[in-house]
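Chemist: Before we start, here is the structure in question, set down as structure tokens.
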Amino acid sequence: MDKVRAAGDDRREYRVEELAEAAGITTRTLRFYRERKLLQPPRKEGRIAWYGEEHLARLRMIAELLERGHTLEGITELIDAGESGRDVAGLIGLAAAIVAPWSDETPVRLDWEELKSAFGDQLTEENTAESIAQGYITVDEDGITHVSRRLLDATTELVTQGVPLAAVLDASRRTREHVDAIAEIFIEVVGEHLLSALSADTPLPPGEAARLTERILRVRPLARTVADAQFTLAMDRRVHAEYDDLLRQRRESGEPEAP
């Protein structure tokens, strides 16, 4: 009997090794999925387990969801939802919208000569270690890979204009603390007012996953707009406050005021 055969309804059936090969995974991974109940039970014929096209489709769906960034726990929930009659396609779309990357940064590769040309004697072990610690670069013997061309270009220009690289990295670390807090605020708002239904014990009503997906897709650019507007307004306030303070100090010292 062939390892891959046609069943009575002309649908192909696979033994475990052939199914794993067709799905592009190892037999160990396939058995792991079975143990996690991610894969439906096979048809048994004596001691032989036969898998069908539905098993191959399930494995391909799992691979696609993993590639999109879903965890195995999340995939299990989606599969359970589908098997209980819920809108699994809608839930998959909603999950994809939630975990989709917010950043569109382009990594950039530089060798050591390019780095020395850009930063000179400021390319120290301390600054390199700080960049690694902040997650901006990975290092190998030939050079570095920076996570963001925009950030690297901005850093290079700041150094060119006279700001020490150590000061740029220090400002980056302090800024990161604040933007993490801003992100947390948005997460709380979205979770409480848009996605609270996901934490309920009852299934989502029909079509609700699609409606939530549309809301998430609309909110994402709005969140970036709010954050950008708040930052520029804050800069206006701080610049005016600093300039007014400078004028006050000059008046008190009897120096001529700047234009």
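Chemist: Once the Cα gyration tensor of the range 122-259 is diagonalised, what are the square roots of 5 times its eigenvalues, in whole Å and ordered largest first, as equivalent ellipsoid semi-axes? Before the final figure, lay out each step's value.
Modeler: Values: eigenvalues 320, 150, 29 Å².
Whole-Å semi-axes of the equivalent ellipsoid: 40, 27, 12.
Chemist: Mind pulling the angle between the C-alpha long axis of helix 208-253 and the longest principal axis of the chain? Nearest 10 degrees, somewhere in 0 to 90.
Modeler: It is inclined by approximately 10 degrees.
Chemist: Just tell me the longest site-free run in the chain, where the sites are trypsin sites (Lys or Arg not before Pro) in a DSSP loop having at most 14 other beta-carbon atoms within 10 Å. Present the calculation step by step, with values, prior to reporting the outcome.
Modeler: Numbers: sites that count: Lys3, Arg11, Arg36, Lys37, Arg47, Arg68.
With trypsin sites (Lys or Arg not before Pro) excluded where exposed in loops, the chain gives 69-259 as its longest stretch.
Chemist: Sorting Phe32, Phe119 by accessible area (1.4 Å probe), largest first, what list results?
Modeler: Reading off the accessible areas and sorting them downward yields Phe32, Phe119.
Chemist: Answer with a single label: of [x] 121; [y] 211; [z] 108, which was calculated as volume of the Cα convex hull per residue in Å³ from the structure in view?
Modeler: The value computed from this structure is option [y].
Chemist: Can you list the GluC sites (Glu not before Pro) in the range 98-155 that are in a DSSP coil and have 15 or fewer other beta carbons within 10 angstrom?
Modeler: Glu105, Glu141
Chemist: Heavy atoms only, 1.4 Å probe, whole protein assembly: order Ser172, Ser148, Ser253 by accessible area, highest first.
Modeler: On the way: Ser172 25, Ser148 0, Ser253 70 Å².
Per-residue accessible area, sorted high to low, gives Ser253, Ser172, Ser148.
Chemist: Also, I was wondering about something else. Any idea how far apart Ala129 and Ala171 come out in nm if each label point goes 7 Å out from Cα toward Cβ?
Modeler: Computed distance between label sites Ala129 and Ala171 equals 2.4 nm.
Chemist: Just name one of Ala234, Leu165, Val189: the one whose Cα is farthest towards the positive end of the charge dipole of the chain (beta-carbon charges, Lys/Arg +1, Asp/Glu -1).
Modeler: So the residue we want is Val189.
The values are calculated or read from the model by the stated rules, or taken from the named source; none is laboratory data. The model shown is predicted, which means the values in this text are computed figures rather than measured ones. Every residue, glycine among them, receives a Cβ derived from its backbone with ideal geometry; neighbour counts consider all protein chains shown. Keep in mind that these areas ignore ligands, DNA and RNA; they rest on the heavy atoms of the full protein, side chains included. Shrake-Rupley method; radii C 1.70, N 1.55, O 1.52, S 1.80 Å.
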